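Just below is one structure, and these are the notes that go with it.
The values are calculated or read from the model by the stated rules, or taken from the named source; none is laboratory data. Because the structure is a prediction, the values reported are computed rather than measured. Reconstructed Cβ throughout: ideal geometry from the backbone, glycine too, with neighbour counts over all protein chains shown. With ligands, DNA and RNA removed, areas are computed over all heavy atoms of the protein, side chains included. Shrake-Rupley method; radii C 1.70, N 1.55, O 1.52, S 1.80 Å.
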Amino acid sequence: MTSTAQTHLRNVCIIAHVDHGKTTLVDAMLRQTGVFRTGQEVVERVMDSNDLERERGITILAKQCSVRFPTKSGEVKINIIDTPGHADFGGEVERTLRMADGVILLVDAAEGPLPQTRFVLGKSLELGHRVIVVINKIDRPDARPDEVLNEVFDLFVDLEASDEQTDFPVLYAIGKQGVCKRKMEDTEMKDLRPLFETIVEVVQPPKGDPDAPLQMLVNDIQADEYVGRLAVGRIVHGRVNDAQTVMRMAENGPIRSKVTKVYGFESMNRVAVGTAGAGDIVALAGIDEVQIGDTIADAEKPMALSRIRVEEPTLKVTFLVNTGAFAGKVGKFVTSRQLRERLEREAMRNLAMRFEPTDSPDQFTVFGRGELMITILLETMRREGYEMAVGMPEVVIKEIEGQKMEPVERVVVDVPEQFVGIVTTNLGQRRGVMSKMTNLGFGRARMEFRVPSRGLIGFRGQFLTDTRGTGLLNTLFDGWEPYAGAMNRRLNGAMVADRMGECTAYALDHLQPRGVLFVSPGVAVYEGMIVGEHNRENDLDVNIIREKKLSNVRSKNKDDNVVLQPPKVITLEYGLEFIDRDELMEVTPDAIRLRKKVLELNKRPRRDDERAG
């Protein structure tokens, strides 16, 4: 089979740690290549089209777009793949890297390489991709581009990059302004032309034989309300046309299918192209049951490509049918069948997630990469009208060669120097071991720890409180180690409602000294619902609907104003961190509630005194 380079084409993936400026850089690339017409109103981070992405300011799903760049030898089409930067969505990066021939590695000029930088760069080097390093945000007052470049080179060496890969080109950029330069000492920066030129020079054109039998690996699945399920991937060899009969090489064997429509990616849009050849990134309509990892092959000479494999999940959460007192009042999808079908669909689309049924028909176990991945799934489902309950997150425990093993995370914290002591103490209590500490200057320090994954459940909120919101916490899966023994979960007990009704200001006023409240006057509660965090270790059952007794006797304090502190707002992240083994988080389209597994007070066992896990 003869491979021919498609010189008019480049496929490049943009990778980085979270918040280092990938999507903002793509915005500038699209603007400068004429994708948007003059005067067109364009939102920031145009590639983050999902509502949740725009609200949280992070990329969750990998997306494709393309630009056209004129060169002396003719116009070159550059397919750009924007990827997530958060470790919990690393599965998106792993599967999309196989569509590219090179990567642009963005590194913040002040923060330098962080855990996800190591992860995405390691995956790129394994695939043999050439890397273009872009040191971004060089206009930051605390920027240290020369030191960061040395750290990036050390990272390449640490990841055992080849000599060719280590000889990487470097550009210095301000993504928000859409400018870059080849050397730090250059004074002139006009646009991103040096970046486009470097992509054309360094990234190899895709190789493949357009006359060979068709082979295309499905890297993504998209949905369209008009043409149905779309298989997105890169054609390795051959050509594909509208109305062509193909063979889908699924996990359970080959299945004959028909492609009804071939789409390509032009700028931000998916456009019908009719035919496409080796090296093109396309979306194929008409193959209804296609899954990520399948190969779309020639009908007469089908040959499968190796399936996509991603790293295993490290966290598991139990999803249950909601059985609370208010169950079914708001949600459209509340049954175990509907919940099961939705989780199965998510597991098909998201390779980093795994779904398993349990012995109970109304309980399911969902395995994922981290708490953020689980909370994004929960938020998406509640917006779709689903109602469910979830249990306490637990880490996945393995048995390797007869020994009980648990996942360990590499934790990098960046904090002001005055908080080094408290952060070190708290991670030490969670069995963390410090491996490195450096002074970044500007009164900040960076520390690296290895911590069991279960020690980090519920730590993020405490960390932000301890550092008064000024600390940065980044984690990355770092292998398996022998089980480290019991570890404390939440130290304080809960305040639990002992009857159904509506909260009253009178009752809340008397409960304020007992802990932190989660509810305000007028909120409906039921027996077994958690209404606050007790300031002692035991659970406290409270009458939160108590009203002031009316009498005809006037007293000095009769009409005192009740001044209540604002309640703690329960978010999905806080709820997952808070709940213990005997508790659940109830998620509905209009509310997030915490509750005990056993609602009836007279049947509920006392809180586990050891609180270990």
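Listed values, structure above:
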| read-out | value |
| --- | --- |
| Filter result for residue 486 (surrounded by fewer than 16 Cβ atoms within 10 Å (Cβ to Cβ), closer than 22 Å to residue 576 by Cα and touching a Gly at 6+ places or on another chain (Cβ under 9 Å)) | yes |
| Residue list for region 315-344, filter: surrounded by fewer than 17 Cβ atoms within 10 Å (Cβ to Cβ) and among the charged types (D, E, K, R) | 329, 332, 337, 341, 344 |
| Enumerated strands (runs of 3 or more DSSP E) restricted to region 508-548, each holding at least 3 residues that are surrounded by 16 or more Cβ atoms within 10 Å (Cβ to Cβ) and under 33 Å from the mean Cα position of the chain (by Cα) | 529-534 |
| Checklist (1) over 25 Å from residue 439 (Cβ atoms); (2) at pLDDT below 85; (3) not hydrophobic (A, V, I, L, M, F, W, C) applied to residue 124, failing item | (2) |
| Residue among 435, 453 that is at pLDDT 85 or above, buried (at least 17 other Cβ atoms within 10 Å of the Cβ) and among the polar types (S, T, N, Q) | 453 |
| Strands (runs of 3 or more DSSP E) wholly inside region 126-214 containing at least 3 residues that are closer than 29 Å to residue 281 by Cα, of a type outside the set (Asp, Glu) and out of contact with any Cys (no Cβ under 7 Å at 6 or more places or on another chain) | 130-136 |
| Top-ranked residue in region 388-417 [being assigned to a strand (DSSP E or B) and within 30 Å of residue 341 (Cβ to Cβ); ranked as most open to solvent (accessible area, probe 1.4 Å)] | 394 |
| Qualifying residue in region 136-156 (condition: over 25 Å from residue 442 (Cα atoms), surrounded by 14 or more Cβ atoms within 10 Å (Cβ to Cβ) and in contact (Cβ under 8 Å) with a residue 12 or more places away in the chain) | yes |
| Residue that is most open to solvent (accessible area, probe 1.4 Å) [pool: residues in region 13-56 that are at pLDDT 80 or above and among the charged types (D, E, K, R)] | 31 |
| Qualifying residue in region 65-82 (condition: touching a strand residue (DSSP E or B) at 6+ places or on another chain (Cβ under 9 Å), under 21 Å from residue 371 (Cβ atoms) and at pLDDT 75 or above) | no |
| Pairs with Cβ under 7 Å, 6+ apart, first in region 271-285 and under 15 Å from residue 77 (Cα atoms) and of a type in the set (A, V, I, L, M), second open to solvent by 10 Å² or more (accessible area, probe 1.4 Å) and part of a loop (DSSP other than H, G, I, E, B) | 278/6; 278/209; 278/210 |
| Breaking point among (1) aliphatic (A, V, I, L, M); (2) part of a helix (DSSP H, G or I); (3) over 21 Å from residue 290 (Cα atoms), for residue 343 | (3) |
| Members of region 304-340 that are in a loop (DSSP other than H, G, I, E, B), modelled with pLDDT of 85 or more and among the polar types (S, T, N, Q) | 306, 322, 323, 335 |
| Residue in region 226-246 that is modelled with pLDDT under 90, open to solvent by 50 Å² or more (accessible area, probe 1.4 Å) and closer than 15 Å to residue 11 by Cα present | no |
| Residue match in region 248-260 (condition: touching a strand residue (DSSP E or B) at 6+ places or on another chain (Cβ under 8 Å), surrounded by fewer than 18 Cβ atoms within 10 Å (Cβ to Cβ) and in a loop (DSSP other than H, G, I, E, B)) | yes |
